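Visitor: Here you go, one structure.
The values are calculated or read from the model by the stated rules, or taken from the named source; none is laboratory data. Since the model is a prediction, treat every value here as computed from it, not as a measurement. Please note: Cβ atoms are built from the backbone with ideal geometry, for glycine as well, and neighbour counts cover all protein chains shown.
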Amino acid sequence: MKVVIFGRDAAAWLSANALQSALGPTGLTVEVVELPSLSQAQDIYPALPALEAFHGQMRIDEHALLKATGGSYSLGQSFTGFGPAPFFHAYGSHGVAIDRLPFFQYFTRARQKGLTVALEDFSLTAAGAKVGRFIVPDSTTVSFARTDYGYHLPAVAYVDYLRAKALKSGVRMISVRDAGVEQDAEGNITALLTRNGSRITGDLFIDASGSDAQLMRALEIGFESWRGWFRGDRVLAAAGAPYANVPPYARIEALDHGWQGLYAAQDRTRLVQVHDSRLISDDDALQMAARTSGLKLGDAVVSELNSGRSAQAWAKNCVAVGEAACVFDPIDSPGLHTIQNGLVHLLALFPQADGGAVERTEYNHLMQQGFERTRDFQIVHSALCGQSGAYWRALETALPETLTRKLETFRARGIVPMSDGEIYPLDSWEAILTGHGLVLETFEPLVEATSDADLMAHLKRMLGYIREQVQSMNSHDSYLELFCK
Amino acid sequence: MQGKRIRKIVVVGGGTSGWMTAAMLSKALGTIMYDITLIESEEIGTVGVGEATIPPIHQFNRLLNIDEDEFIRETNATFKLGIRFDGWRQGQDQADSYFHPFGHLGQDLDGISFNHFWMRFARLSGNFDYGRFNVETLAARENKFGRTPVGEGREKYAVNYAFQFDASLYAAYLRRYSEKRGVRRVEGMVVKVDQDAESGFVTAVNLKDGQVIEGDFFIDCSGFRGLLIEQTLKSGYEDWSRWLPCDRAAAVPCERPPGPIEPYVVCTSREAGWQWKIPLQHRTGNGYVFCSDFISEDEACEKLMARLPAKALKDPKVLRFTTGHRRKVWEKNVVAIGLSSGFLEPLESTSIHLSQVVIIQLISQFPKNGIYQSVVDQFNADILADYVNVKDFLIAHYKVTDREDTPFWKHCKYMDIPDSLKTRMEIFRQTGHVHVRSHELFKEPSWFAVLVGQGLFPENHHPLADTISEDNLKLRLAKIRTGITDRLNTLPDHAAFLERIASLQAAG
């Protein structure tokens with residue numbers, strides 16, 4: 001059996017590595033028909049924590065990767081201008097359960113009794129990140145908290161790294177400027193046709209061509225636009241000098257005309273800014289980017305953004321991976337995870353040679369769920385942003401029902417009903433909902449069983465422990481220096 | 001003299017050593033029980049072109065109860081974190097440079113010196129920059145300085161420091177200090193020394209204007225010539241120039257170059273010796289220490305003037321010296337302090353320190369009830385040990401080098417060295433261990449920095465450093481780097497720190 005991957009950049013090369021390392025030993029042939037890369041020096045892939053395990057499956061050594069790419073770790077994202085106060089979305093848990101009841105319920109109760117300490121102060125990850133520390137989870141920290149981390153991976157070097165690794169492990173590759181699609185009577189793709197007359201046949205095709213979704217378009221799969229929830233239609237990417245001390249988190253700021261993210265890495269600091277071209281010109285947006293970031297920015301690249309998803313992620317014998325399947329607003333950094341999620345499900349439902357109609361149906365269901373729950377998470381920013389800027393005015397489209405239910409339940413009981421396919425864990429939902437200033441009306445009555453004094457003592461102990469642990473953590477810089485340089 | 005109570009102390013010669021001695025005598029012994037007189041002549045110039053010091057100066061100043069900020073203001077001092085040695089390994093035109101910091105590297109782990117863990121890391125990473133694990137070195141690279149708050153000790157990477165200052169201003173400051181405490185200053189030139197016919201003890205000095213200054217005990221601060229210790233008592237001089245061949249120093253101050261004030265001394269290896277750069281608040285001291293067998297005085301001066309970092313403020317002045325020490329620093333009722341007791345080139349800023357060592361030793365063993373030969377012998381042996389330790393350390397700077405590009409350096413590289421140094425270098429080369437005894441001035445961190453900096457990288461390290469995993473090793477090093485950079489991030493700019501001290505006075 002042969003898989004042909006058509007596309008470029010992380011989507012194409014993560015696909016190649018994932019398929020080759022998992023199914024290469026079973027005799028699967030993987031060939032990449034590579035389109036010219038669109039990655040530029042300004043581009044960065046911010047990765048959520050799940051990528052670590054995915055890399056592990058592909059036997060990618062984290063230290064070697066960060067060394068080769070000049071990347072860095074990321075413990076979360078700070079948000080400024082979105083809620084009543086800046087807040088931190090940590091890739092980790094908040095506090096510890098008391099009497100087996102969730103910490104968040106106790107936190108809610110303590111807040112009602114006048115506690116002024118922020119939720120993030122109960123996160124070891126956030127506390128460490130804010131002072132430039134890096135945490136490698138170990139036996140002491142895991143008993144207290146979940147402390148995960150993602151990465152900031154400079155795009156060009158990351159793609160180069162993945163390509164080299166794939167080729168070394170036996171993936172075949174051909175470079176093309178474009179390709180024609182040959183289909184059989186049922187509409188299945190039989191081959192890709194290159195300009196110089198080559199015909200590349202395959203049993204399964206992966207569309208990794210990005211938001212162009214070239215194969216999905218050839219198969220005439222429809223596209224569902226999400227612009228009603230995401231006003232931004234331009235992404236500006238630029239880079240400046242690296243920080244003297246590389247912050248181990250992304251900095252996200254709400255602006256009048258959009259939002260801006262700063263992603264530090266060892267080699268440079270990258271800026272990603274999303275704006276609405278109806279509100280501000282690209283030139284003004286660039287000036288604004290330089291002004292608000294305080295960075296001396298080099299060449300900026302502006303590209304179009306049209307968020308939404310392909311009606312199907314798997315059609316006929318073609319699976320769309322990454323932006324070919326779903327284009328997200330880059331807020332909350334879901335990009336790489338979307339690729340990963342598609343591949344993980346594809347491997348689990350990998351079709352037999354005879355077609356795979358059952359698998360396709362299940363795959364499309366799972367992917368749609370994942371895309372929509374991710375979208376819901378992102379919509380929280382637009383729905384609850386405290387900014388008065390034009391970009392943040394009322395949404396054009398009503399909130400998805402799934403999100404409305406989450407918000408209402410959270411307001412009423414401090415509970416976030418989680419559904420299948422969530423990519424952001426409960427801690428993340430609690431962090432951003434609280435950060436955006438949602439006020440809770442009540443909490444679980446069970447937590448009343450603990451006395452006020454006991455509760456305060458518990459909370460104090462947690463804060464003390466965090467303070468102590470932060471002291472003993474390595475700085476992000478020294479960790480990078482010793483392990484990733 | 002034995003058994004005779006000492007009451008009248010005479011310091012012959014002013015200058016830095018003279019006034020340091022007078023100040024400490026007046027503080028420690030007082031001028032009620034003792035009569036302290038210092039004779040100095042305006043006709044005899046003092047040597048003072050910017051001096052660098054080492055951390056034990058804190059102890060001396062503390063004993064005098066000197067306020068550090070006041071001292072900084074009075075002497076135009078800057079802070080010193082160590083010495084940067086440029087070109088000592090490969091030559092002045094090469095980029096090689098290392099820093100000898102006042103603090104230690106890293107932090108001891110599992111009971112053994114951090115150096116061993118670092119050596120293992122250096123071998124496996126190929127990164128030989130040990131300065132990354134030393135806070136003084138990193139602060140120096142960024143021209144930062146700050147004092148470490150009281151109570152933040154070793155585990156918090158305290159910043160160790162000394163000073164660079166104008167020695168003649170230090171002398172003037174200590175003169176005021178001494179006179180305030182009752183030291184009598186007599187202006188005059190000694191023309192004749194009287195000795196007891198039987199014992200040979202010095203009884204009085206006669207001045208040009210006819211004054212006779214009698215004393216029970218004399219301190220010879222008369223400089224190189226050793227008016228009492230040598231010209232009168234013939235104590236003898238041990239010549240060490242076969243190991244330390246430099247015998248001249250051309251010195252000149254220049255304007256303060258634009259840019260930051262460096263919190264360190266720079267010693268640059270030159271064709272027939274080395275050049276110092278000592279930054280003060282208002283100007284910069286420069287000098288070329290050279291060997292006259294390999295370069296003429298005129299040529300050395302010319303080279304020095306051509307290599308100044310800024311406009312010269314004077315013509316260069318040449319000092320001549322013979323490296324070595326007085327065989328007996330204490331002879332009969334005379335103790336030699338300063339240049340009269342010996343001379344070691346200022347490569348490691350030891351001149352003032354060696355004077356202070358003698359002064360403090362003298363105070364602690366002051367023969368108030370008479371002079372005992374056993375005390376004198378032990379005193380001389382102790383002081384000699386200090387000189388020997390410093391001497392070996394200095395020789396290592398010349399001996400351990402790749403330089404062979406000039407006749408001078410070729411000579412140094414292949415010269416014979418004392419056995420004590422030979423043994424130390426051999427142990428270090430084979431084991432990575434620096435064999436240092438407790439009384440020695442330069443301890444393991446200093447020897448390590450200089451030997452490795454000069455190019456002697458040991459063949460082995462302590463086996464205990466191999467017992468942890470590579471990841472564990474890196475985690476520990478990252479921890480140390482974290483502590484050091486945390487400290488570094490709290491330090492202000494050196495020049496700004498100095499300005500604040502200056503403004504404290506203006507504010508009253």
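Visitor: Only one residue in A:Glu430, A:Glu441, A:Glu422 is charged (D, E, K, R), surrounded by fewer than 21 Cβ atoms within 10 Å (Cβ to Cβ), within 29 Å of the chain's Cα centre (by Cα) and more than 14 Å from every other protein chain (Cβ to nearest Cβ). Which one?
Guide: Numbers: A:Glu430 fails: surrounded by fewer than 21 Cβ atoms within 10 Å (Cβ to Cβ); A:Glu441 fails: within 29 Å of the chain's Cα centre (by Cα).
Sole residue among the options that is charged (D, E, K, R), surrounded by fewer than 21 Cβ atoms within 10 Å (Cβ to Cβ), within 29 Å of the chain's Cα centre (by Cα) and more than 14 Å from every other protein chain (Cβ to nearest Cβ): A:Glu422.
Visitor: On to the next question. Residues to consider are A:Leu336, A:Leu297, A:Leu347; find the one that is modelled with pLDDT of 95 or more and more than 15 Å from the chain's Cα centre (by Cα).
Guide: Working: A:Leu336 fails: more than 15 Å from the chain's Cα centre (by Cα); A:Leu297 fails: modelled with pLDDT of 95 or more.
On inspection, the qualifying residue turns out to be A:Leu347.
Visitor: Please specify each residue of the stretch B:472-484 satisfying the condition of being of a type in the set (D, E, K, R) and more than 8 Å from chain A (Cβ to nearest Cβ).
Guide: B:Arg476 - this is the single residue of the stretch B:472-484 that is of a type in the set (D, E, K, R) and more than 8 Å from chain A (Cβ to nearest Cβ).
Visitor: Next up: Quick check, is A:Gly56 away from chain B (no Cβ under 14 Å), surrounded by fewer than 15 Cβ atoms within 10 Å (Cβ to Cβ) and within 21 Å of the chain's Cα centre (by Cα)?
Guide: Working: away from chain B (no Cβ under 14 Å): yes; surrounded by fewer than 15 Cβ atoms within 10 Å (Cβ to Cβ): yes; within 21 Å of the chain's Cα centre (by Cα): yes.
Criteria met by A:Gly56.
Visitor: Only one residue in B:Tyr161, B:Tyr157 is surrounded by 15 or more Cβ atoms within 10 Å (Cβ to Cβ) and either touching a strand residue (DSSP E or B) at 6+ places or on another chain (Cβ under 8 Å) or closer than 25 Å to B:Thr350 by Cβ (or both). Which one? Explain how you work it out, then say what you get.
Guide: Values: B:Tyr157 fails: either touching a strand residue (DSSP E or B) at 6+ places or on another chain (Cβ under 8 Å) or closer than 25 Å to B:Thr350 by Cβ (or both).
Unique residue meeting the criteria: B:Tyr161.
Visitor: If you don't mind, another one. Output the residues belonging to the stretch A:262-288 that are more than 16 Å from A:Gly389 (Cα to Cα), of a type outside the set (Val, Ile, Thr) and crowded, with 23+ Cβ neighbours inside 10 Å. Reasoning before the result, please.
Guide: Of the stretch A:262-288, the ones more than 16 Å from A:Gly389 (Cα to Cα) are A:262-272, A:282-283, A:286-287.
With the extra rule that they be of a type outside the set (Val, Ile, Thr), the set shrinks to A:262-268, A:270-271, A:282-283, A:286-287.
The answer is A:Leu262, A:Tyr263, A:Ala264, A:Ala265, A:Arg270, A:Leu271.
Visitor: Looking at B:Pro445, is it touching a residue at least 60 places away in the same chain (Cβ under 8 Å) and either closer than 17 Å to B:Asn160 by Cβ or away from every other protein chain (no Cβ under 14 Å) (or both)?
Guide: Details: touching a residue at least 60 places away in the same chain (Cβ under 8 Å): yes; either closer than 17 Å to B:Asn160 by Cβ or away from every other protein chain (no Cβ under 14 Å) (or both): yes.
Here the answer is yes, as B:Pro445 does meet what is asked.
Conditions (1) hydrophobic (A, V, I, L, M, F, W, C); (2) under 30 Å from B:Ile484 (Cβ atoms); (3) under 23 Å from the mean Cα position of the chain (by Cα), marked per residue:
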site: B:Pro149; (1), (2), (3): no, yes, no
site: B:Tyr157; (1), (2), (3): no, yes, no
site: B:Gln164; (1), (2), (3): no, yes, yes
site: B:Leu169; (1), (2), (3): yes, no, yes
site: B:Tyr177; (1), (2), (3): no, no, yes
site: B:Arg181; (1), (2), (3): no, no, no
site: B:Arg184; (1), (2), (3): no, no, no
site: B:Val191; (1), (2), (3): yes, no, no
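Visitor: Mind checking which strands (runs of 3 or more DSSP E) fall wholly inside the stretch B:98-209 and carry at least 2 residues that are in contact with an Asp or Glu (Cβ under 6 Å, 6 or more places away or on another chain) and within 30 Å of B:Val334 (Cβ to Cβ)? Write out each step before concluding.
Guide: On the way: elements: B:162-165, B:184-187, B:190-195, B:202-207.
Fully inside the stretch B:98-209 and qualifying: B:202-207.
Visitor: Can you tell me which residue in the stretch A:242-260 is surrounded by the most Cβ atoms within 10 Å (Cβ to Cβ), limited to those that are more than 14 Å from every other protein chain (Cβ to nearest Cβ) and under 20 Å from A:Thr69 (Cα atoms)? Steps first, please.
Guide: First, pick out the residues of the stretch A:242-260 that are more than 14 Å from every other protein chain (Cβ to nearest Cβ): A:242, A:249-260.
Narrowing further to those that are under 20 Å from A:Thr69 (Cα atoms): A:242, A:249-250.
Values: A:Pro242: 16, A:Tyr249: 30, A:Ala250: 24.
Among them, the one singled out is A:Tyr249.
Visitor: Hey, can you tell me all the residues within the stretch A:454-479 that are surrounded by 20 or more Cβ atoms within 10 Å (Cβ to Cβ) and more than 14 Å from every other protein chain (Cβ to nearest Cβ)?
Guide: At the first step, the residues of the stretch A:454-479 found to be surrounded by 20 or more Cβ atoms within 10 Å (Cβ to Cβ) are A:459, A:462, A:466, A:473-479.
Residues satisfying the conditions are A:Leu459, A:Met462, A:Ile466.
Visitor: So, one more: Looking for something within 16 Å of A:Ser225 (Cα to Cα) and of a type in the set (Ser, Thr, Tyr) - is there at least one such residue anywhere in the stretch A:371-381?
Guide: First, pick out the residues of the stretch A:371-381 that are within 16 Å of A:Ser225 (Cα to Cα): A:371-376, A:378-379.
Still in the running and of a type in the set (Ser, Thr, Tyr): A:374.
Taking every residue of the stretch A:371-381 in turn, at least one turns out to be within 16 Å of A:Ser225 (Cα to Cα) and of a type in the set (Ser, Thr, Tyr).
Visitor: Looking only at strands (runs of 3 or more DSSP E) that lie completely in the stretch A:61-155, which have at least 2 residues being crowded, with 18+ Cβ neighbours inside 10 Å, modelled with pLDDT under 95 and of a type outside the set (Val, Ile, Thr)? Can you show your working first?
Guide: Values: elements: A:72-74, A:76-80, A:87-90, A:150-154.
Fully inside the stretch A:61-155 and qualifying: nothing.
Visitor: Same structure again: Tally the residues that are in contact (Cβ under 8 Å) with a residue 40 or more places away in the chain and small (Gly, Ala, Ser), restricting the search to the stretch B:354-413.
Guide: 4
Visitor: Of all the strands (runs of 3 or more DSSP E) wholly in the stretch A:200-286, which have at least 2 residues that are over 28 Å from A:Met173 (Cβ atoms)? Even if it seems obvious, please write down each step before you answer.
Guide: Details: elements: A:204-208, A:223-225, A:234-240, A:250-255, A:258-264, A:269-275.
In the stretch A:200-286, the matching strands (runs of 3 or more DSSP E) lie at A:223-225, A:234-240, A:250-255, A:258-264, A:269-275.
Visitor: Follow-up question, since we're still on this one. Restricting attention to the stretch A:24-50, which residues are crowded, with 16+ Cβ neighbours inside 10 Å, hydroxyl-bearing (Ser, Thr, Tyr) and either without any contact (Cβ under 8 Å) to a residue 24 or more places away in the chain or in a loop (DSSP other than H, G, I, E, B) (or both)?
Guide: Selection gives A:Ser37, A:Ser39.
Visitor: Report yes if A:Ser451 is within 14 Å of another protein chain (Cβ to nearest Cβ) and more than 24 Å from A:Leu336 (Cβ to Cβ), otherwise no. So that I can check it myself, show each step before the final result.
Guide: Working: within 14 Å of another protein chain (Cβ to nearest Cβ): no; more than 24 Å from A:Leu336 (Cβ to Cβ): yes.
For A:Ser451, the condition - within 14 Å of another protein chain (Cβ to nearest Cβ) and more than 24 Å from A:Leu336 (Cβ to Cβ) - is not met.
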